[in-house]
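Below is one structure, written out as structure tokens; the observations come after it.
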Amino acid sequence: MDLLHRAFILSFFFLLFLLTPLAASAHADEANTLSHLRPLDNSLQELLDMGIRDSPSFRALVDRINASDVVVYLRCSRRLRTGLSGQMTFMGASAGLRYVVVALDPEGIAERRVATLGHELRHVVEVADTPTIIDSRSLGVAYARMGRSGWLGLGLVFDTVAAIDSGVQIWREVVAGSSRRAE
């Protein structure tokens, strides 16, 4: 192998070695700017947009979640327990992040669905504010302490006064925002 060819190969690997950490750093910065709320379909993105636009309370929940270590996947589900229009499920923790899924019933008027989403996002904030929640078991322990439980359909469900109050407040704000736009 001649000297020029060897110099080219060495230069290539040197640049590769030098640029790889920069590319990884740029990718990490990009990931940090992504929203922690990740809707899995357009209808949920529309609900998020409506809540952010019309409800200061909803917007505050979104901001709090985006500043947390919790990533939320939003999905529609027709298979929620009887009587539920939304549900948060803890999925796991990895690499310093905790993951939850919020499932919403796809039926109903948009204002009601935004209020339900706000209710569930309040539960996400409760998870964000409780660093000991790292799996489904610790979620159950925390909610047994901070919430109230009851049987619905075929299973035990938990709720908190804060989430109920958030849903009611967001409902009022979103309905008022819809009325203003209709005028």
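Read-outs throughout are calculated quantities, based only on the coordinates presented, and are distinct from any laboratory measurement. Just so we're clear, the structure is a prediction, and the values are computed from it rather than from any experiment. Counting neighbours? That spans all protein chains shown, and the Cβs are built from the backbone with ideal geometry, glycine included.
With a 10 Å Cβ neighbour count serving as the proxy for reagent exposure, in which order, fewest first, do Val161, Val125 appear?
Neighbour counts put them in this order, fewest first: Val161, Val125.
GluC sites (Glu not before Pro), restricted to region 68-122: which are DSSP loop and have at most 10 other Cβ atoms within 10 Å? List each step's numbers first, then the result.
Working: sites: Glu107, Glu111, Glu120; in loops: Glu107.
In loop regions of region 68-122 (DSSP not H, G, I, E or B), the sparsely surrounded GluC sites (Glu not before Pro) are Glu107.
What is the local net charge at Pro106, summed over the other residues whose Cβ is closer than 10 Å to its Cβ (Lys, Arg +1; Asp, Glu -1)?
0
Going by amide H atoms built from the backbone, whose H comes under 5 Å of the H on Asp105, apart from near neighbours?
Amide H neighbours of Asp105: Ser77, Gly86.
To one decimal place, what Kirkwood hydrodynamic radius in Å is obtained for region 31-182 from all pairs of distinct Cα atoms?
In region 31-182 this quantity evaluates to 15.6 Å.
Relative to the present Cα-Cα distance, how much length would full extension add between Ser35 and Asp129 at 0.36 nm per residue of separation?
32.0 nm
Which order results if Leu121, Leu37, Leu80 are arranged by neighbouring Cβ count within 10 Å, fewest first?
By the 10 Å Cβ count, ascending, the order reads Leu80, Leu37, Leu121.
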